[in-house]
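Accompanying notes for the structure given below.
The values are calculated or read from the model by the stated rules, or taken from the named source; none is laboratory data. Predicted model only: the values in this text are computed from it and were never measured. Here Cβ is always computed from backbone atoms with ideal geometry, including for glycine, and neighbour counts include all displayed protein chains.
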Amino acid sequence: MNATYVDVQTHLKQLGGVLVAFSGGVDSTLLLAAAHDALGERVLAVTAVSPTLPTPDMTAAKEVAAQLGVRWITLQTDELADPCFRANTPDRCYFCKKALFAKLVDLARREKLSCVIDGANADDLADYRPGMKAARELGVRSPFIELGIGKDAIRRLARERGLPAWERPSSACLASRIPYGETITVERLERISRAEDALRALGFRQVRVRDHGTVARIEVGRDELEKLLGAAMREAAVDACKKAGYLYVTLDLQGYRTGAMNENLKQGTPK
């Protein structure tokens with residue numbers, strides 16, 4: 001479907017009033033903008049805040065909410081209190097999203113909003129996304145999936161709408177940097193955050209630091225690999241990761257790709 005922005009607005013108008021699960025990424029930014037344009041004051045944006053939230057996401061959420069003039073609040077969550085989440089099994093995201101969406105659904109009810117919506121898109125159906133099961137169980141709606149809209153179309157529509165987020169790199173929960181089966185701790189999340197923030201400060205846009213214990217495995221956009229391989233930049237990246245708490249630093253020569261930590265699942269060896 002070659003969807004238009006008007007198509008998205010028309011779809012959202014039918015909902016009457018919504019709570020938007022707002023991460024600050026391009027998907028939820030477009031969804032929030034369209035919801036606000038379609039429903040006006042009958043929209044509430046909520047950003048979940050915890051040690052798993054990347055620093056740029058919180059900054060982006062605050063800036064976008066102010067730019068759009070929407071009502072925006074933060075919700076403190078504590079995924080690490082759940083032993084099922086900490087254990088970091090392949091269905092980790094299910095437990096996180098189930099707890100978060102339950103809180104959002106309750107909040108939407110108290111705010112007299114008809115439903116909770118999220119920015120999951122049609123391309124997400126091709127990857128392993130256990131959090132989507134939690135969304136279905138709790139009645140959270142995903143308008144982009146309902147309309148068959150994927151990532152490329154979302155970026156196109158966001159650009160047409162004049163949203164600066166249209167070219168913002170993809171982001172994800174910091175826990176996604178830790179291999180399945182290895183315990184998630186605050187210390188590991190903070191180490192990842194420090195390393196990624198430092199690499200972004202060096203000028204890299206698309207960054208992941210995969211945490212393999214004492215080893216940091218850096219992923220950057222494929223168009224940025226050559227930049228990182230330069231002697232001076234390579235040394236700066238190593239120094240940044242060691243200061244963040246890693247003993248060894250490696251570069252993934254495949255570059256950044258979404259769902260990298262799910263590759264073992266596809267091979268039948270979740271680790």
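Side notes on the structure shown:
- Pair list, Cβ < 7 Å and 6+ apart or interchain, from segment 18-29 residues that are within 20 Å of GLU160 (Cβ to Cβ) to residues that are among the hydrophobic types (A, V, I, L, M, F, W, C) and part of a loop (DSSP other than H, G, I, E, B): SER28/PHE22; THR29/LEU163
- Segment 52-73 - residue that is surrounded by fewer than 16 Cβ atoms within 10 Å (Cβ to Cβ) and among the hydroxyl-bearing types (Ser, Thr, Tyr) and, of those, farthest from ALA175 (Cα to Cα): THR59
- Flag for THR29 being outside the structural domain of ILE184 (by TED's automatic domain parsing), assigned to a strand (DSSP E or B), within 14 Å of the chain's Cα centre (by Cα) and buried (at least 19 other Cβ atoms within 10 Å of the Cβ): no
- Per this entry, ASP123 is counted among residues that are acidic (Asp, Glu) and closer than 24 Å to ARG257 by Cβ.
- Scan segment 67-82 for residues that are in contact with a Phe, Trp or Tyr (Cβ under 9 Å, 6 or more places away or on another chain) and either closer than 18 Å to THR185 by Cα or modelled with pLDDT under 95 (or both) and the total you get is 2.
- Checklist (1) surrounded by fewer than 24 Cβ atoms within 10 Å (Cβ to Cβ); (2) modelled with pLDDT of 95 or more applied to ALA45, failing item: (1)
- Selection status of LEU19, in contact with a strand residue (DSSP E or B) (Cβ under 7 Å, 6 or more places away or on another chain) and assigned to a helix (DSSP H, G or I): no
- Listed by position, the helices (runs of 4 or more DSSP H) contained in segment 94-189 that have at least 2 residues being surrounded by 15 or more Cβ atoms within 10 Å (Cβ to Cβ) and touching a Ser or Thr at 6+ places or on another chain (Cβ under 9 Å) are 131-137, 151-160.
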